[in-house]
Structure formats: C-alpha cells, structure tokens
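J.: This is the structure, below, for whatever I ask next.
The values are calculated or read from the model by the stated rules, or taken from the named source; none is laboratory data. It should be emphasised that the depicted structure is a prediction, and the values quoted were computed from it without experimental measurement. Positions of Cβ are generated from backbone atoms using ideal geometry, with glycine treated the same way; all protein chains shown enter the neighbour counts.
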Amino acid sequence: MADTQKGSAADLDAELEQLLAARNREDMAPTIAAMLDVLERYPDNARVLYEVGGAYDTAGEEATAAGFYERALALGLEGDALRRCYLQYGSTLRLLGRSEESLALFARARQSFPASVSLGVFEALTLHAAGKVNAALAGLLVLLAENVSSEDLERYLPALHGNAAYLASLDAGDSHRA
C-alpha cells in the first residue's frame, strides 16, 4: 500500500500543516489522535512518523516520541524535516538522559546542516547536560559571532572565536564526562 495510492504528497503535506496549525500545545491529545489517524493511512511515511513523534514530544511523552523519530530517520527523511527531526530527537535523547547518544546525533546533524543555528543551540544544551559546560558556552559564542550582526560586536569577533576555542579545549580531553 504505497502512499501514492492514498492521496497525493501535496494533500498529505496540507493535512499535516493544518493539524500543526490547529494544535494546542497545552492539550496535545486531539493533535495526537488526529496524527495517529494520518499514521494509520500512511504507516510508512517518514514525515508522518516524524510529526507523530513531534506531537508526543510536545505532550511531554519523550520516550514514545523517540521511537517515532527513530523510525522516521530509518525511512529516510529529507530536507528541512530531517533537520527538524535531528533537532527534536537530539533534544529528546537529552531529556531522556541519553546525552552521549544525543551528542552523536547532533554531530551527524551538524555535518548534514552545518549552517543550522538551531541545531547548534540545542547541541549546546546537550553539551551542558553532559557536563561539558565549557564546550557548550564555546558553541554558543561561535554561533553568536557567526550569526549576530552588530557593529558593536564586530571588532571583538576574533576575541569571541579565540575564547570559544579556549573554552572548547577545556572539555576536549574530557570526552566521557557526563
């Protein structure tokens, strides 16, 4: 039962976007129910699996979300949905206390999406959770230096990069600290 037999990709995308626009982050039960209905029609669609995971994640059900994210990644998400899944799954792993897995996932994600500021921010949160506070601050300093345009900051960019390199080196030899 291929997805194309059940409706067009554009129809599916429109349906998912409508469900996401209507969600109430304080009460995700209706969104989860609606997403599960979509999943019943598209059980092997990577984006549907990712969105179901995201709904559970928003509801605070990280352990359930993780399984959907894993399945979505295994089925081959692409583009921005892949970037968002990496971010959300990496964050979920952190919240589940699986910091080393989260860091490995963020490393893979940053290779695929090196310019993603959001991935860098959430990677820094995982570094912090893993006890690598110097590396976390270093990552944020680099993101700041490379993504915030400020005349006031411009003259200090070399110093920001230098401080970031120094801070990152403090945690570099401590890769198994958690």
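J.: Leu160: crowded, with 16+ Cβ neighbours inside 10 Å, part of a helix (DSSP H, G or I) and free of Cβ contacts under 8 Å to residues at least 24 places away in the same chain, yes or no?
T.: Yes.
J.: Tell me the residue from Phe68, Phe106 that is in the same structural domain as Ala145 (by TED's automatic domain parsing), modelled with pLDDT of 95 or more and within 30 Å of Lys132 (Cβ to Cβ), please.
T.: Step by step, each of Phe68, Phe106 is checked, and only Phe106 is in the same structural domain as Ala145 (by TED's automatic domain parsing), modelled with pLDDT of 95 or more and within 30 Å of Lys132 (Cβ to Cβ).
J.: So, restricting to helices (runs of 4 or more DSSP H) that lie completely within region 44-114, which ones have at least 1 residues that are surrounded by fewer than 14 Cβ atoms within 10 Å (Cβ to Cβ) and either among the aliphatic types (A, V, I, L, M) or touching a residue at least 24 places away in the same chain (Cβ under 8 Å) (or both)?
T.: 62-74, 99-112
J.: Another question, then. Mind checking whether some residue in region 167-175 is free of Cβ contacts under 8 Å to residues at least 24 places away in the same chain, over 16 Å from the mean Cα position of the chain (by Cα) and buried (at least 16 other Cβ atoms within 10 Å of the Cβ)?
T.: No; the residues of region 167-175 include none that is free of Cβ contacts under 8 Å to residues at least 24 places away in the same chain, over 16 Å from the mean Cα position of the chain (by Cα) and buried (at least 16 other Cβ atoms within 10 Å of the Cβ).
J.: Quick check: is even one residue across region 69-78 more than 30 Å from Glu146 (Cβ to Cβ) and within 13 Å of the chain's Cα centre (by Cα)?
T.: yes
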